[in-house]
Amino acid sequence: MVDVILGLQWGDEGKGKIVDFFAPNYDVIARFQGGPNAGHTLYVKGEKVVLHQIPSGIFHKGIINLIGNGVVLDPVTLKKECDKVAAMGVNVKENLFIAQRTNLIIPTHRALDKAAELAKGDEKIGSTLKGIGPAYMDKTGRNALRVGDLLDPGFKNLYNKLRAKHQQLLDNYQFKEDISTWEQEFFEAIEFLKELNIVNGEYFINQKIAEGKKVLAEGAQGSMLDVDFGTFPFVTSSNTISAGVSTGLGIPPNKIGEVIGITKAYCTRVGSGPFPTELFDATGDELRKIGNEFGATTGRPRRCGWIDLVALKFACMINGVTQIVMTKADVLDSFPQLEVCTSYIAGGIETAEIPFGISQLKIDPVYKAFKGWGKPVTDCKTWADFPEQVHLYLNFINQYLGVEVKYVSNGPGREQIIFQ
Ligand code: GDP
Ligand code: IMO
Ligand code: MG
């Protein structure tokens with residue numbers, strides 16, 4: 001069977017930590033979409049590690065980590081990350097596998113990302129500038145190079161052909177930056193990549209499933225950044241939702257079991273686009289400060305606000321979420337009052353659904369207020385230890401969503417998690 005862990009908000013829900021926590025229950029951890037736009041933070045023996053391309057099960061010996069075909073892979077980022085985890089004692093030649101259908105990010109994708117964002121001016125997406133959009137465009141446009149192509153002796157010609165196409169676009173944008181250093185790094189990195197385990201991902205993973213092995217699919221970004229169902233056009237370029245597991249790994253939908261959705265106890269977003277519960281006041285600043293809400297990939301300050309149950313319920317519906325993990329409950333410890341968004345006034349009309357025009361309409365959140373718990377939940381060891389106000393907050397959320405919060409994370413460490 002295949003279980004899924006994914007983000008229910010706009011990313012950075014704590015997927016890295018939670019995958020790392022659940023990893024010992026699985027034989028294979030597989031990334032199915034996204035690329036180095038992801039930044040998944042985990043703590044290994046007290047040391048902070050941010051993973052962008054490698055699945056978050058890499059620090060567990062004996063577990064297979066697979067980069068699936070739905071991912072876009074930047075060899076340069078991958079090489080740096082492999083060097084980093086190798087220095088921490090991981091043997092990537094033993095437990096990292098890469099699907100040959102995985103699409104490559106080449107240096108001109110990054111240049112195109114930058115050029116396109118610049119051209120958009122005030123309407124920019126706020127992309128991480130890692131080349132994600134252009135790389136997925138080449139996939140759906142049927143131009144992309146894939147990991148399997150690296151083994152083709154004519155790879156350099158294929159690369160030059162695609163690069164020439166990109167150069168025309170870059171000329172159109174009047175993009176003048178010199179990318180020769182990026183290209184040099186790229187060619188060094190692909191030599192390294194060729195030495196890793198490149199597999200036929202779909203046969204590889206289905207074989208494991210047939211052998212009775214347990215697979216955990218690790219999402220990147222969040223449901224509200226999904227290219228189809230997110231706050232378009234302020235989204236990423238992949239399907240971040242559970243349906244993406246099938247196309248991103250070659251796993252039939254009927255093999256998917258638990259869908260574990262992660263939400264923060266509040267809400268954050270990086271980059272542009274609608275965020276109905278965003279706080280522009282001192283409370284927002286406090287959330288950012290206490291939650292240390294700065295991007296793991298770009299270092300940008302994250303926009304902060306209250307938990308949005310309208311968006312969460314939508315995400316539960318689209319993903320078929322079977323259980324919820326709530327992270328960063330400890331960040332709310334000191335707030336005397338908490339707000340929970342239960343509906344929107346969208347273009348003057350109250351609704352509990354995500355409106356099609358969310359990116360254009362004026363949206364005012366309707367809140368239900370809760371008294372804060374006023375005690376550090378970091379000190380709690382069991383569910384029963386939670387202050388009464390935590391139970392009230394969780395019960396309301398469970399009831400609204402119709403799916404239960406089964407785990408509450410109360411600190412960044414691997415062991416800081418409490419379950420029912
Ligand atoms: P991801 O992209 O979903 O993996 O999340 P990020 O790693 O980008 O951001 C989550 C941040 O919150 C990281 O810095 C984590 O170390 C941290 N974190 C995760 N869970 C908790 C928690 O329960 N409490 C606190 N205080 N921090 C947490
Ligand atoms: P993890 O996996 C938060 C956001 C960017 C931007 C938009 C498009 O760490 O949760 P892209 O680079 O994909 O073209 O950017 O999506 N974004 C993320 N926000 N967490 C992420 O990943 C993100 N990946 C992309 O900020 O608004
Ligand atoms: Mg992140």
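The values are calculated or read from the model by the stated rules, or taken from the named source; none is laboratory data. Model, not experiment: these values are computed from the prediction. We place every Cβ from the backbone using ideal geometry, glycine too, and count neighbours over all the protein chains shown.
Inside segment 29-68, can you point out the residues that are part of a loop (DSSP other than H, G, I, E, B), more than 14 Å from ligand 1 (Cβ to nearest atom) and crowded, with 24+ Cβ neighbours inside 10 Å? Those that are part of a loop (DSSP other than H, G, I, E, B), more than 14 Å from ligand 1 (Cβ to nearest atom) and crowded, with 24+ Cβ neighbours inside 10 Å: Phe32, Gly68.
Residues that are under 20 Å from Val403 (Cα atoms) and away from ligand 3 (no atom under 16 Å from the Cβ) within segment 230-264 comprise Ile241, Ser242, Ala243, Ile256, Gly257, Glu258, Val259, Ile260, listed in sequence order.
The listed residues are Val72, Val90, Val85, and the only one of them that is in contact (Cβ under 8 Å) with a residue 60 or more places away in the chain and either β-branched (Val, Ile, Thr) or part of a strand (DSSP E or B) (or both) turns out to be Val72.
From the list Gly295, Gly219, Gly291, Gly320, the lone residue that is touching a strand residue (DSSP E or B) at 6+ places or on another chain (Cβ under 6 Å), in contact (Cβ under 8 Å) with a residue 12 or more places away in the chain and at negative phi is Gly219. Of the residues Gln207, Gln184, Gln221, which is modelled with pLDDT of 95 or more, closer than 18 Å to Ile63 by Cβ and either outside any strand (DSSP E or B) or of a type in the set (Lys, Arg) (or both)? Within the list Gln207, Gln184, Gln221, the selection yields Gln207.
Could you list all residues from segment 150-181 that are within 22 Å of Val71 (Cβ to Cβ) and outside any helix (DSSP H, G or I)? Across segment 150-181, the qualifying residue is only Asp152. State yes or no: is Ser223 crowded, with 20+ Cβ neighbours inside 10 Å, within 30 Å of Phe419 (Cα to Cα), out of contact with any Gly (no Cβ under 6 Å at 6 or more places or on another chain) and polar (S, T, N, Q)? Considered against the rule, which asks whether it is crowded, with 20+ Cβ neighbours inside 10 Å, within 30 Å of Phe419 (Cα to Cα), out of contact with any Gly (no Cβ under 6 Å at 6 or more places or on another chain) and polar (S, T, N, Q), Ser223 comes out as yes. One residue alone among Ser238, Ser246 is within 16 Å of ligand 2 (Cβ to nearest atom), under 24 Å from Val4 (Cβ atoms) and outside any strand (DSSP E or B), and that residue is Ser238.
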